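Nothing in this text is a laboratory measurement; each read-out follows from the coordinates by a stated rule. The structure presented is a predicted model; accordingly, all values stated were derived computationally and were not measured. All Cβ positions, even for glycine, are placed from backbone atoms using ideal geometry, and neighbour counts span all protein chains on display.
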Amino acid sequence: MSLSNLILPVDDIDFTEWERETEAQQKVKPASHWTDDLIDEFSLDETANTHPRLPWGRLANQIALRPAEVSLWFGFNGHGKSLLQGQVMLSAAAQGERVCIGSFEMRPRKTLGRMCRQFHGVARPSPEQVREFVKWCEGKIWVYDQTGTVDPARVFAVIRYTRERLGVSHFVVDNLTKCIESDDDYVGQKAFVDKLTAIACGLGPHIHLVHHARKGKDETLPPRKMDALGASAITNLVDNVFIVWRNKVKAESSNPNPMDPDAVLIVDKQRHGTGWEGIQNLYYHAASQQYIEGGSHPMQMDSWPHTSYVSPRARAQAFAEMSHA
């Protein structure tokens with residue numbers, strides 16, 4: 001099995017059908033279409049593992065990656081946003097989700113190469129381990145083969161295509177500046193993010209948008225949600241805001257305190273669910289390129305999913321069986 005099986009080619013797919021706006025009549029659906037949503041709506045336990053979670057145990061009952069939402073992941077340039085996103089998408093795939101990554105700054109082999117290291121927890125996976133990783137990814141992870149500037153209409157079309165043809169439930173747009181080139185094009189940024197939220201709500205995928213923080217005096221303090229580069233509408237429109245910050249003071253110190261985190265993940269907005277906001281300290285495991293909660297060993301990514309996770313489809317089926325019992 002080849003890595004090429006995981007890559008969506010730019011030139012071999014006719015995206016014309018998905019570039020057209022959805023007709024109004026296609027949006028009229030029977031009530032049964034929202035069965036899964038209604039089951040979630042009336043769940044008595046907001047912290048139950050009914051949706052995929054972030055891979056760090058402390059956050060498991062604090063925030064979920066719910067369908068039909070848009071999450072913003074941002075931070076300073078070079079602080080590990082894309083690297084951390086790869087780990088999050090691996091854990092989502094291991095929890096039964098289908099993932100597509102549109103990384104417009106990195107070739108697919110590099111994106112998948114880092115994820116392969118994270119999956120196996122080693123710096124140089126063997127050919128056998130690479131094949132094992134690719135086999136595991138089959139039907140779970142795709143990468144959109146496009147680097148450089150991309151037209152927003154094409155981004156929307158690819159999201160629609162992967163959702164309707166492949167059943168993708170998590171789509172990563174990495175990053176906003178490759179879709180809207182000018183940092184001060186506030187109108188374009190707002191329109192782009194607004195369209196992402198409409199697609200998420202209309203079709204149901206969780207869309208992850210990677211973005212940059214505006215440059216400050218230095219990078220010794222983490223940015224907050226109002227520090228996202230460009231229009232304020234970006235953070236206003238999305239459902240969740242995650243900030244990735246690398247502790248460069250520790251990284252550049254000749255005598256670092258091992259107790260200080262190598263990075264932090266800040267949950268600076270959570271519109272739904274528990275509404276929890278807070279900070280998760282993270283430590284960098286260099287060989288695997290993983291962010292871990294502590295210790296000296298990488299996370300065993302192939303041990304996911306947690307047995308407590310039940311997919312919405314399985315829950316709907318169980319509900320239907322109970323109703324007819």
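The conditions of being of a type in the set (S, T, N, Q), touching a strand residue (DSSP E or B) at 6+ places or on another chain (Cβ under 8 Å) and without any contact (Cβ under 8 Å) to a residue 60 or more places away in the chain are not met by Thr149.
Scan the stretch 101-132 for residues that are over 22 Å from Val241 (Cβ atoms) and either touching a His at 6+ places or on another chain (Cβ under 7 Å) or not in a helix (DSSP H, G or I) (or both) and the total you get is 9. Taking each residue of the stretch 212-236 that is on the phi > 0 side of the Ramachandran plot and looking for partners that are of a type in the set (Phe, Trp, Tyr) and not in a loop (DSSP other than H, G, I, E, B) with beta-carbon atoms closer than 9 Å, six or more apart or interchain, yields Gly230/Tyr186. Of all residues in the stretch 179-192, at least one satisfies being farther than 15 Å from Lys81 by Cβ and in contact (Cβ under 8 Å) with a residue 60 or more places away in the chain. Take the conditions (1) part of a helix (DSSP H, G or I); (2) over 16 Å from the mean Cα position of the chain (by Cα); (3) touching a residue at least 60 places away in the same chain (Cβ under 8 Å); Thr162 misses just one of them, which is (2). Among residues of the stretch 123-144 that are more than 16 Å from Gln95 (Cβ to Cβ), those with a beta-carbon under 8 Å from a residue that is part of a strand (DSSP E or B) and not aliphatic (A, V, I, L, M) at least six positions away or on a different chain give the pairs Trp142/Cys100; Val143/Cys100; Val143/Gly102; Val143/Ser103; Tyr144/Cys100; Tyr144/Gly102; Tyr144/Ser103.
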